[in-house]
Amino acid sequence: MNTLLVTGSSGLIGSEVCVHFAGRGWSVIGLDNNQRASFFGPQGDTRWNQQRLQVQLGDQFQHVELDIRDRNGVLALIDQLRPDAIVHTAAQPSHDRAAAIPFDDFDTNAVGTLNLLEAVRRSCAESPFVHLSTNKVYGDRPNNIALQELETRWDYADPVYAGGISESFPIDQSKHSLFGASKVAADVMVQEYGRYFGIPSCCLRGGCLTGPNHSGVELHGFLSYLVKCNLEGRLYKVFGYKGKQVRDNIHSRDVARFIEAFIAAPRVAEVYNLGGGRENSCSIWEAFKIAEQHSGKAQVFEYVDENRIGDHICYISDLSKMREHYPEWEISISLNETIGQIVRSWQNREALV
Ligand SMILES: NC(=O)c1ccc[n+]([C@@H]2O[C@H](COP(=O)([O-])OP(=O)(O)OC[C@H]3O[C@@H](n4cnc5c(N)ncnc54)[C@H](O)[C@@H]3O)[C@@H](O)[C@H]2O)c1
């Protein structure tokens, strides 16, 4: 039986990857220390998801309580397990939160990733390493692309970007937020361990990764938090850009499917922009409308004229490199279906409380 190590296993992407690979007969070791609750308070608590995995996956899943900043702990664990593949999703994931906790942010995102890479190099250098990076590595440079204002959203005016932003987009000389900078460090380090040491590896530069198992909070988890506010009648603050800012959203299951394709036929030091593409993109206003259709409740919101620092006005991932390298992979879950699942998931979680 193949063994997969998943860091951040109680989070949105980590938990989806655990379920996906267990369903394909892998033995899954999930590493998480519920750090999300430290970053975001009780609303970010992921223990419910850890327990869900333990119940649902039974013997095929083992939870390891470890902090990826614990270098010796990480080195010892990977030496003991020698996993057949590693999916690294543990992170301080918020753009806005990072400025208040710069040491925690960098130690987790940059140094934690280095700890894992070096452990893999020493103990299982042939095992594919999949790293969840972010489109924030491009900083706010996407905001320099010429835009056109449509009725409910911004869109690219420059035809070069009609298909979205590709991996050749520059990553430096722009404002990243401390989070974006710590993720750049990790992203480049993953590529380096690939190129320099030959470790099969990729960085997945995520747009909005979403799905029913996110513990969405105001500072992270756009659609999950928006839907939670909708269901609870809680005030949702729209920050700047007339609420027409565009994100492309990909369901966590489609992320897990891509990771499976990569691990089955790994390459070295690859970089992919991973999002929902144009078809699964929406502005905040458009997301409100879809959430309202599913919940039957009007969204309560307030418009704040100031945008979040460095926030993208319009970001759509160009998925052509993913499709070219892994033609059997395709987006399989629509935005409408994803939002419907998030609505039902929050309703079920409320019912459990
Ligand atoms: N969700 C998105 O929209 C999005 C977008 C772009 C990139 N990403 C990236 O994808 C990855 C996964 O994101 P997510 O949305 O699943 O995040 P998440 O917060 O839901 O999950 C991350 C998990 O990692 C754990 N964790 C954090 N620090 C840890 C540490 N020091 N040691 C051990 N565990 C730790 C947390 O407790 C949490 O369960 C992250 O690298 C994130 O930057 C996410």
- Go through (1) open to solvent by 20 Å² or more (accessible area, probe 1.4 Å); (2) under 22 Å from the mean Cα position of the chain (by Cα); (3) more than 14 Å from the ligand (Cβ to nearest atom) one by one and return the number of the condition PRO42 breaks. (3)
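Among the listed residues ASP67, ASP32, ASP104, identify the single one that is under 16 Å from the mean Cα position of the chain (by Cα), near the ligand (Cβ under 9 Å from one of its atoms) and among the acidic types (Asp, Glu). Steps first, please.
On the way: ASP67 fails: under 16 Å from the mean Cα position of the chain (by Cα); ASP104 fails: under 16 Å from the mean Cα position of the chain (by Cα).
So the residue among ASP67, ASP32, ASP104 that is under 16 Å from the mean Cα position of the chain (by Cα), near the ligand (Cβ under 9 Å from one of its atoms) and among the acidic types (Asp, Glu) is ASP32.
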- Residues in segment 226-238 that are within 21 Å of the chain's Cα centre (by Cα) and open to solvent by 10 Å² or more (accessible area, probe 1.4 Å): how many? 1
- Query: Which of the following residues is under 27 Å from LEU219 (Cα atoms), touching a residue at least 40 places away in the same chain (Cβ under 8 Å) and open to solvent by 40 Å² or more (accessible area, probe 1.4 Å): ARG69, ARG47?
  - Reply: ARG69
- Checked VAL160, VAL184, VAL190, VAL246 against criteria (aliphatic (A, V, I, L, M), crowded, with 18+ Cβ neighbours inside 10 Å and more than 13 Å from the ligand (Cβ to nearest atom)); the one match is VAL246
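Given the options SER295, SER317, name the one that is of a type in the set (Gly, Ala, Ser), in contact (Cβ under 8 Å) with a residue 12 or more places away in the chain, surrounded by fewer than 22 Cβ atoms within 10 Å (Cβ to Cβ) and touching a helix residue (DSSP H, G or I) at 6+ places or on another chain (Cβ under 8 Å). Step through it out loud before you land on a result.
Numbers: SER317 fails: surrounded by fewer than 22 Cβ atoms within 10 Å (Cβ to Cβ).
Of SER295, SER317, the one residue that is of a type in the set (Gly, Ala, Ser), in contact (Cβ under 8 Å) with a residue 12 or more places away in the chain, surrounded by fewer than 22 Cβ atoms within 10 Å (Cβ to Cβ) and touching a helix residue (DSSP H, G or I) at 6+ places or on another chain (Cβ under 8 Å) is SER295.
Can you tell which of ARG344, ARG257, ARG349, ARG267 is open to solvent by 10 Å² or more (accessible area, probe 1.4 Å) and either under 26 Å from PRO170 (Cα atoms) or in contact with a Lys or Arg (Cβ under 9 Å, 6 or more places away or on another chain) (or both)?
Details: ARG344 fails: either under 26 Å from PRO170 (Cα atoms) or in contact with a Lys or Arg (Cβ under 9 Å, 6 or more places away or on another chain) (or both); ARG257 fails: either under 26 Å from PRO170 (Cα atoms) or in contact with a Lys or Arg (Cβ under 9 Å, 6 or more places away or on another chain) (or both); ARG349 fails: either under 26 Å from PRO170 (Cα atoms) or in contact with a Lys or Arg (Cβ under 9 Å, 6 or more places away or on another chain) (or both).
When all the criteria are applied, what remains is ARG267.
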- Among the residues of segment 70-101, write down those that are within 12 Å of the ligand (Cβ to nearest atom), over 18 Å from ILE29 (Cα atoms) and small (Gly, Ala, Ser). SER94, ALA98
- Query: Taking SER177, is it within 15 Å of the ligand (Cβ to nearest atom), within 30 Å of ILE290 (Cβ to Cβ) and either small (Gly, Ala, Ser) or free of Cβ contacts under 8 Å to residues at least 24 places away in the same chain (or both)?
  - Reply: yes
- Query: What residue, of LEU223, LEU204, is on the phi < 0 side of the Ramachandran plot, assigned to a helix (DSSP H, G or I), within 9 Å of the ligand (Cβ to nearest atom) and open to solvent by less than 40 Å² (accessible area, probe 1.4 Å)?
  - Reply: LEU223
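Look at segment 23-39 and say how many of its residues are open to solvent by 70 Å² or more (accessible area, probe 1.4 Å) and closer than 22 Å to ILE259 by Cβ.
Looking only at segment 23-39, we keep the residues that are open to solvent by 70 Å² or more (accessible area, probe 1.4 Å), and these are 24, 38.
Pick out the ones that are also closer than 22 Å to ILE259 by Cβ and you get 24.
Residues that pass the stated criteria total 1.
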- Query: Conditions: (1) within 9 Å of the ligand (Cβ to nearest atom); (2) in a strand (DSSP E or B); (3) of a type outside the set (Lys, Arg). VAL238 meets all but one. Number of the miss?
  - Reply: (1)
- Message: As an exercise: evaluate PHE301 against (1) touching a residue at least 40 places away in the same chain (Cβ under 8 Å); (2) in contact with an Asp or Glu (Cβ under 9 Å, 6 or more places away or on another chain) and give the number of the one condition it does not meet.
- Response: (2)
- Which residue out of SER281, SER252 is touching a residue at least 40 places away in the same chain (Cβ under 8 Å), in contact with an Asp or Glu (Cβ under 6 Å, 6 or more places away or on another chain), open to solvent by less than 20 Å² (accessible area, probe 1.4 Å) and within 13 Å of the ligand (Cβ to nearest atom)? SER252
- Residue in segment 125-139 that is open to solvent by 30 Å² or more (accessible area, probe 1.4 Å), within 16 Å of the ligand (Cβ to nearest atom) and touching a residue at least 24 places away in the same chain (Cβ under 8 Å) present: yes
- Task: Determine the pairs where a residue that is over 18 Å from GLN245 (Cβ atoms), located within segment 152-171, has a partner that is open to solvent by less than 40 Å² (accessible area, probe 1.4 Å) and assigned to a strand (DSSP E or B) with Cβ atoms under 7 Å apart, the partner being 6 or more residues away or on another chain.
- Result: ALA162/TYR156; SER166/ASN273; GLU167/VAL271; GLU167/TYR272; GLU167/ASN273
- Item | Qualifying position, being open to solvent by 10 Å² or more (accessible area, probe 1.4 Å) and modelled with pLDDT of 95 or more, among ILE199, ILE171 | ILE171
- Message: Can you confirm whether HIS312 is crowded, with 19+ Cβ neighbours inside 10 Å and not aliphatic (A, V, I, L, M)?
- Response: yes
- Message: Of the residues PHE239, PHE179, PHE222, only one is farther than 16 Å from TRP329 by Cβ and modelled with pLDDT under 95; which?
- Response: PHE222
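The values are calculated or read from the model by the stated rules, or taken from the named source; none is laboratory data. Computed from a prediction, not measured in an experiment: that's the story for all the values here. Backbone-built Cβ (ideal geometry, glycine too); neighbour counts: all protein chains shown. These accessible areas exclude ligands, DNA and RNA; they are computed on the full protein's heavy atoms, side chains included. Shrake-Rupley method; radii C 1.70, N 1.55, O 1.52, S 1.80 Å.
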